[in-house]
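Written out below as structure tokens is the structure these notes cover.
The values are calculated or read from the model by the stated rules, or taken from the named source; none is laboratory data. In this text, all values refer to a predicted model and were calculated from it rather than measured experimentally. In this analysis, Cβ positions are derived from the backbone assuming ideal geometry, glycine residues included, and neighbour counts consider all displayed protein chains. Remember, those area values only see protein heavy atoms, side chains included, never the ligands or the DNA or RNA. Shrake-Rupley method; radii C 1.70, N 1.55, O 1.52, S 1.80 Å.
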Amino acid sequence: MQSPWQKELITTLLIGLAAVYLLPFAINTFTLSILLIYGLLGLSLGLIWGFGGILCFGQAAFFGLGAYTYAIAAVNIGESTLPMILSILVPALFAALLGAMMFYGRLADVYLGVITLVVTLILFKFINSTAGPEYVIGTARLGGFNGIPGFQTLNIPGRPDDYIWGDSFYYVCFGAVLGVYLLVTWLLRSSFGRIAIGIRENDQRMSLMGYDTRARKTVLFAIGAAIAGLAGGLYANWAEIVTPGLFSLGQSAEIIIWCIVGGLGTRLGPILGAAGLAYLKFLLGQQSVVDNTMITGLILVLFVLFLPKGIVPAVVNLWAASFGRRVKRGGRRAGRATRAATRNAARQEKAVSHG
């Protein structure tokens with residue numbers, strides 16, 4: 001007998017293999033790569049907000065920090081393996097320190113959102129002000145509003161001249177999203193994940209039961225930042241330049257909208273919401289009649305009013321209702337057939353006994 005985790009693992013891998021082969025027939029791999037990167041970024045916030053109850057207005061801070069860490073390390077090292085690892089570790093450590101100060105300081109949800117937003121704005125202002133030649137880390141100039149271009153992009157580990165780009169980079173991005181999705185699934189199925197959901201529902205009750213809710217929130221916050229940092233590192237390789245716009249308020253707002261539209265409290269929802277809205281933004285960017293921001297705001301308002309739980313929960317509920325009705329109708333038919341067969345058998349038995 002296979003466990004539910006094993007069944008889900010096999011199903012996810014099969015769907016993933018089908019998707020990685022079929023998607024390039026609809027969209028070119030260059031565009032698919034950035035959609036997958038945004039999906040990974042959406043999942044990072046979906047994890048800490050949807051399952052941990054931590055509303056973070058500054059997820060873009062970890063995204064931008066991962067991108068800048070990769071770019072700076074790649075300029076100094078000249079190879080991509082260690083910079084990619086650092087793009088995950090640096091945001092995670094930064095989030096662990098920030099989270100420890102917030103959660104052990106017993107800040108309420110509103111103040112958490114404000115602090116994470118302020119941290120993002122501080123990073124945005126700081127990076128914008130580093131245009132002078134004195135702002136150098138090793139041999140990497142921060143460049144201010146011009147950003148950092150011309151760094152080593154993704155390569156085969158240990159072989160700096162063998163670049164991973166084009167279709168190969170798409171497969172790397174897809175593998176990263178699939179791997180992180182499975183990791184998040186395993187985490188949520190573990191005792192840590194179940195306790196995190198319990199903390200989301202009632203922090204005080206879980207604390208009275210003996211769990212250190214502050215430490216668990218800090219760890220979950222750091223894991224979400226690590227995923228965002230990975231997305232930032234991949235973005236740096238896709239764009240081949242990093243700029244202060246990665247820390248912008250608009251970027252932070254978009255990530256929140258992705259999660260709301262896709263479905264908060266689901267694993268797949270933030271990924272689909274991010275990829276779908278990013279692709280819509282890409283299509284709208286090819287025209288100048290309608291403003292992208294207005295369309296995004298309109299979509300958010302419509303979803304809040306008519307689909308407050310998001311796309312994925314709505315589709316799941318619709319499927320369950322439709323499938324449940326079919327099963328119920330089938331069950332009633334089977335029940336009627338069984339009762340009819342029982343009556344016929346009784347009549348036959350009665351006729352035999354009288355005969």
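Considering only protein heavy atoms, what per residue accessible area in square angstrom results for the chain with a 1.4 angstrom probe?
That works out to 53 Å² for each residue.
How big is the dipole moment of the chain about its Cα centre under a simple scheme where the beta carbon of each Lys and Arg is +1, that of each Asp and Glu is -1, and everything else is neutral? Debye, nearest 20, please.
For the chain, the charge dipole is close to 2620 debye.
Considering the chain as a Gaussian network with a 10 Å cut-off on Cα pairs, which listed residue, A228, A74, A239, attains the greatest mean-square fluctuation?
Comparing A228, A74, A239 in a Gaussian network model of the chain, the most mobile one is A239.
Quick one: ranking F221, F174 by accessible area, 1.4 Å probe, largest first, what do you get?
Reading off the accessible areas and sorting them downward yields F174, F221.
Please work out the Kirkwood hydrodynamic radius for the chain, using every pair of different C-alpha atoms, and report it in angstroms with one decimal place.
Across the chain, the inverse of the average 1/r is 22.5 Å.
What angle do you read, to the nearest 10 degrees and between 0 and 90, between the alpha-carbon axis of helix 59-77 and the longest principal axis of the chain?
50 degrees
Can you give me the % of accessible surface on the chain that is carbon or sulfur? Probe 1.4 Å, all protein chains present, nothing else counted.
Summing carbon and sulfur atoms, their accessible area is 68 percent of the total for the chain.
Using per-residue counts of other Cβ atoms within 10 Å, averaged over each peptide, order 309-321, 92-104, 265-277 from highest down.
Answer by packing, highest mean first, reads 265-277, 92-104, 309-321.
Quick check: residue separation of E240 and W319 times 0.36 nm, minus the Cα distance between them. What number comes out in nm?
Roughly 24.2 nm would be gained on extension.
What is the angle, in °, between the Cα long axis of helix 109-128 and the longest principal axis of the Cα atoms in the chain? Nearest 10 is fine, range 0 to 90.
40 degrees
Would you mind calculating the relative contact order of the chain from Cα pairs under 8 angstrom and at least 6 residues apart, reporting the percent as a whole number?
29 percent.
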